[in-house]
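Asker: My questions all concern the structure below.
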Amino acid sequence: SLVQIDHTLVDVIVVDSFTRKPIQRPWLTVAIDVYSRCVAGFHLSLEPPSATSVALCISHSVLPKAPWLSQRKIEQEWPVHGLMTRLHLDNAKEFHSEALRRGCEQYGISIDYRPVRTPHYGGHIERLIGTMMGKVHLLPGTTFSDIRAKGALDPEKTAAMTIDEVERWLTH
């Protein structure tokens, strides 16, 4: 019924799938169903948040996951799919696109924007992102969330996972 969506820059550097050289940190757009606390869908990309990443996250959220999981050879069930009634979003510009407004209007999805500078109104998605980033700090190539936690580690030297591998890890 109510889905919250937000983005974060993932605290890990990914490597190129051919050269295995460090590229950059990917962006994660993630959606959570507020009632069940289930991850409804996500989109991982090297591109910064945009109307496209929001659309891809929403489409991942509403579509059955079996074909997507099968393509990635992930043998798990992810039974969360279907149209949401409401989206709960912050005030980032990509959430105010005309394409998003029209798409939601076409499918009967209402959009609620949280008041400016009130992250507690998006507590479910903020907590999910915080939990996920805490777990990402266990991966090779982690940048940690602040300079003190990173210490003398060089994330580019320890980076070992491609974006596809990080996507698979996040799925699990």
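Asker: Determine if the stretch 126-139 includes at least one residue that is open to solvent by less than 60 Å² (accessible area, probe 1.4 Å), part of a loop (DSSP other than H, G, I, E, B) and at pLDDT 90 or above. Steps first, answer last, please.
Answerer: Looking only at the stretch 126-139, we keep the residues that are open to solvent by less than 60 Å² (accessible area, probe 1.4 Å), and these are 128-130, 132-134, 136-137, 139.
Now restrict to residues that are part of a loop (DSSP other than H, G, I, E, B): 137, 139.
This time we only want the ones that are at pLDDT 90 or above, so: 137, 139.
Yes, the stretch 126-139 has at least one match.
Asker: Right, here's the next one. Would you kindly identify the strands (runs of 3 or more DSSP E) lying entirely within the stretch 1-120 that contain at least 2 residues that are in contact with a helix residue (DSSP H, G or I) (Cβ under 7 Å, 6 or more places away or on another chain), touching a residue at least 40 places away in the same chain (Cβ under 8 Å) and open to solvent by less than 50 Å² (accessible area, probe 1.4 Å)? Even if it seems obvious, please write down each step before you answer.
Answerer: Working: elements: 2-9, 22-24, 27-33, 39-45, 86-89, 110-113.
Passing ranges, in order: 2-9, 27-33, 39-45, 86-89.
Asker: Would you confirm whether any residue within the stretch 74-93 is over 22 Å from Ala159 (Cβ atoms) and of a type in the set (Ser, Thr, Tyr)?
Answerer: yes
The values are calculated or read from the model by the stated rules, or taken from the named source; none is laboratory data. Since the structure is predicted, the reported quantities are computational estimates derived from the model, not experimental observations. FYI the Cβ positions are ideal-geometry reconstructions off the backbone, even for glycines, and counts take in every protein chain you see. Surface areas here come from the heavy atoms of the whole protein model, side chains and all, with no ligands, DNA or RNA. Shrake-Rupley method; radii C 1.70, N 1.55, O 1.52, S 1.80 Å.
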